[in-house]
Amino acid sequence: MKDWGWSRLRQALIAVEGQAAPVYGLCAAFAIALPLLIGAQLGRPYAGLVVALGAYLVAVRSPQGTYGQKGRQLAVIVTVIMVGTLIGGLLSGHRWIIVAVLPLVVIFQSVVSGVGPTLGLATMTAAIRPSTENVLLDCAYELAGALFMSALVLAPWPGRRLRPLLEALSEAAAAVAETLEVVTVPAGDPEWERRRRAAADALTQARTTYGLYNAASDDERPARLIKALVKIMHETVALRALLEAGTFRPLHEGAEAETTAAISELAARLRLLAEAIRSLAGGGWKETDPAAARRLGDRIEEIRRAAFEGREDLVATTLAAQVWRTVRRIAATIDSAGRTVAAGITVGISAPRLPEAPRPTSLWSRSVDAVTNRSTAVRNAFRAGVAVFVATVIWAAFDIPRGYWLVISVFLCLRATYSETVNRVFQRIGGTALGGVLAAVLLAVVRGETELAVVIFCCAFIGFTLSPVSYVFWLCFCTPLVMMLIDFGASVPWDQTLVRIGLNVGGGLIALAAARLLWPSAGTFQLPAALADLCSSLAELVRDAAVSEDVLNRPLIRAREAADTISGLIGRMAQEPSPDTGLIDCLRDTVAVANRIRDRVIAVAGMSRAEQGGIGPVRSILLQVADHLDEVAGALRAGDTAVPTLDIEDLLADLDDHLASLAKRRRAEVAAGTTLEESTPLRRDLRSVATVRYTLRSLYEDVRELDAALCR
C-alpha cells in the first residue's frame, strides 16, 4: 500500500508546520521546572511533581488568539484539568474501573468542543499516580500549576493586547492587495480563485478576531477598517467581471496598459496600508492622487468622445468607463481606510464576556440530531472510545508495566481521517524513538532531583519552542520530558525506554486499525443535505441582489459557509483509504462553480444601480435564477436524481434588445445637446445595463454548469 511507502514516511517526519515559539517555550519550561526545584529543595518532590503536571497540561494545549480568547480558553482548560484530576484521583488503584470510565471520558472530550485531549490526559496521569488519601489536595496542587502557567501566558497582556487584531487586519489588507494584483489574469486562471479565497478567509479572520475583543461596534475604527476592506474586495470582484466582459467587446484603441498600471498602483498602496497597520505607523499615511488612475481617466475620456463621434462601440466604451469608475472607488476607499489607520487602531477595554449557557432543551435536541444524522463528530468520538477501550483492556488484562503509554498513544495518534492518522502514527513512532534514545541517555547520566529538574527545564524549553514547527521535533523532547515528569524522583532503568517505544508503536497500530476499520466512509451520506444547503444559500444571495444594490453580509457569509462545508467533506473523503476520486473531482467542480456564482452575484449587485424601470429584465432574471436554485435544493432534499434545468434565453434576449434601445436613445440624447459629463437617468441606465449584461450571461452559464455537476 502506498500509504506505507518510504516517501510517505519521509514526508511525515520532515513536515514543517509553523514557526518556532521561544517565548512560549521559556514560559512553559519555567512553569514546569520551578515547582520541581522548589519541591526538591523543600523535601516535597511529589507535591512539586503534581504542580508541574498541572502546568504541563496547560502548556501542551497552547492557547491561541486574542488575549480575551486565550483567557476564555485557559478558563476552560483549567476547569477541565480539575475535573480530570478529580476523576483520575478517584480511579487511582482501580484498574478495571479505569477500563470502564476512560473510554467514556474520551468520547465526551471528542464530542464537546473546547475540551480536547486535556480531559483524557488529566484523568490518565492522575489515575496512574500512586493512590493518595487526599485527592482534593492533589487537585489543589495541580490547580496551582495550571494557574501559574495561565498567568505566564497572559502576562504580556498590557503591552501586546492589540497585536492579534493588528496582525489580522494587516493580513486581510495584504490578502486583498494580492487579489487585486491578479484581477487582470485571463478567465479561468486558477490563481484568481486561489487568491480570492485567501482574501475571503483573511477578512473572515479579521472580523472574528475583532469580535473576540468584546468591544465590537460599527463606530469603532477597526470595524470601519474592516468594512472598507470588504468594500474594496467587492469592488475588486466587480472589476474582475467588467474586465471579463470587456474581452467580449473590446475597443479599437483599448486602454489595457493604463488599466493594468492603475490597478498595480492601487495594489501597491494597499500593501503600504497593510504595513502601516502592522507597524502602527499610520501617522505617516498620506493621500495622493494616483497618477496611473489619472492617466486612465484621461484615456477613457478620449475614447468616450470618439464613441459619440461614431468611431468606437458605445457599449464597449461604457464598459471601459465603468472600469475607470470602479478604480476610482477603490482608490477612494483605500484613502478612507488610510485615514482610519492614521487616526490609530484602538479598542476599549470592557468586562469579560462569559459564554452563553446552552438551554437543556436545545442541547438535547442538538445531541439527538447529531446521533440521528451520524455527524462526523459523533462518529469520531465513538471510534476513539472503542480504540481506547481496546487499549485499556489490553493494559489491564496483561498487567503491562507502564502500559498506560499504550492508552495515551492511542488517543494522541487517532485523527479524524485515516490518512491523518497514518501521518500522526509515523510521526509519533519516529519522534518517540528518537526521544526514547535521548531519555535513555539522560536517565543514565542524571541522578539527583535538582539536576533532573534542570534537564526537564531544557527539554521543556526546546520541546515547546519547536512544537509549532514539527510534531516530530516536539516528540523528540516531549518523550524524555514526560518520562522524567511521571517518574520524577523514582529510579527508572534505561531499558524501560525500549518498552515505552514498543507501547507507543502498539498504540499507533491500534489507532491505525480503528481509523481503517471503524466507519471509514466519512461524509458521503451528508452530501445531499450539504449540496441542498449550498443551492438554497445561493438562491438567497441571488434574491438579495435582485432587491438591493449591495449584497448583505448574512446571505454572503451563509453561501461561503455552505461551500466550505462541502470543501471540508471533500477533504475528509480524500483522506480515506479508498477515496472515490470521480466523486471528489465532481464535488470540487461544484464548489468552484458555486464560488464563481457568488462572485457574479456580488458584481451584479454592485453594477445594477439604476432605477427599477431603467434596467429592464435584470431583476426578473435574478429572481428566476433564485427560484431555480430553490427548486434544485428541494429536489436534492427529496432525493430526486433529476435536477430541473434553467432556461432564461428569452429574458437574456430581451435584455440585449433593451441595451440596444438604451444605446440608441443615449446617442440621440447627446446629439440633442446633452454634454458627455452631464449625469442623466438615461446615462445611468445605459451604464448599469451595459456592465451587468455580460455578468448575467456568465451567471446563467455558471448555474447551468452547477446543474450539470449536480446531475453527475
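For residue 134 and residue 402, FRET efficiency with R0 = 22 Å and r from the beta-carbon atoms, rounded to 0.05?
FRET efficiency, residue 402 to residue 134: 0.35.
What does the charge count near residue 536 come to, summing +1 for each Lys or Arg and -1 for each Asp or Glu among other residues with Cβ under 13 Å from its Cβ? Working shown, then result.
Working: positive: 543, 558, 637; negative: 533, 540, 544, 561, 627, 630, 631.
Net local charge, residue 536 excluded: -4.
Which value, in debye to the nearest 20, gives the size of the charge dipole of region 627-711 about its Cα centre, when Lys and Arg are +1 and Asp and Glu are -1 at the Cβ?
Computed about the Cα centre, the dipole is about 640 debye.
Per residue of region 643-657, what does 6.51 cos²θ - 1.76 cosθ + 1.60 with θ = phi - 60° give for ³J(HN,Hα)? Whole Hz please, x for Gly and Pro, Karplus curve as stated.
Calculated HN-Hα couplings, in order: 9, x, 9, 8, 9, 10, 4, 5, 5, 5, 5, 4, 5, 4, 5 Hz.
FYI, it's all coordinate maths here, none of it is from the lab. This is a predicted model, so every value here is computed, not measured. FYI the Cβ positions are ideal-geometry reconstructions off the backbone, even for glycines, and counts take in every protein chain you see.
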